[in-house]
1. Among (1) in contact (Cβ under 8 Å) with a residue 24 or more places away in the chain; (2) basic (Lys, Arg); (3) in a strand (DSSP E or B), which single condition is ARG41 missing?
2. Under 7 Å between Cβ atoms, at least 6 apart or on separate chains: pull out the pairs that start in segment 13-27 with a residue that is touching a residue at least 24 places away in the same chain (Cβ under 8 Å) and of a type outside the set (Gly, Ala, Ser) and end on any residue that is exposed (fewer than 14 other Cβ atoms within 10 Å of the Cβ) and not in a strand (DSSP E or B).
3. Yes or no: segment 43-61 includes at least one residue that is acidic (Asp, Glu), surrounded by 10 or more Cβ atoms within 10 Å (Cβ to Cβ), at negative phi and within 12 Å of the chain's Cα centre (by Cα).
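What follows draws every value from the coordinates through simple rules; no lab data is involved. These figures come from a predicted structure and were not determined experimentally. Virtual Cβ from ideal backbone geometry, glycine too; neighbours counted across all protein chains shown.
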Amino acid sequence: MAKAYLEVKLPISMKKKADIFVVCCPPLDVWSQGRTKVEARKNIEEAMKLFLITCIEKGTLEAVLRECGFKLSRAVINKIPNDHRYVNIPIPFSVPAQALCHA
């Protein structure tokens, strides 16, 4: 089986609270924290990845995204900023050598 990845780029927000960094992905309402900015970012990436994979496995991704306010857009996005306010979340898939879907 081959490997494939669907990559999702989502915004995050980080604030220092006392001696920890609290980070969230507002569109998905996913939160995490860390002792450093790097640790907090790593933790939110893992939390968001687990959140999305769980939704895919349960078959609830479409409903959850709709509930979070996501809408399918046909607009072409030229470029999403490549800075600290966004994280890339790779969603891994195993795919057969030849597609069985003929949609």
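1. Evaluating ARG41 over (1) in contact (Cβ under 8 Å) with a residue 24 or more places away in the chain; (2) basic (Lys, Arg); (3) in a strand (DSSP E or B) leaves (3) as the failure.
2. Listed by first residue and then by second, the contacts come to MET14/LYS37; PRO27/CYS68.
3. Yes, that holds for at least one residue.
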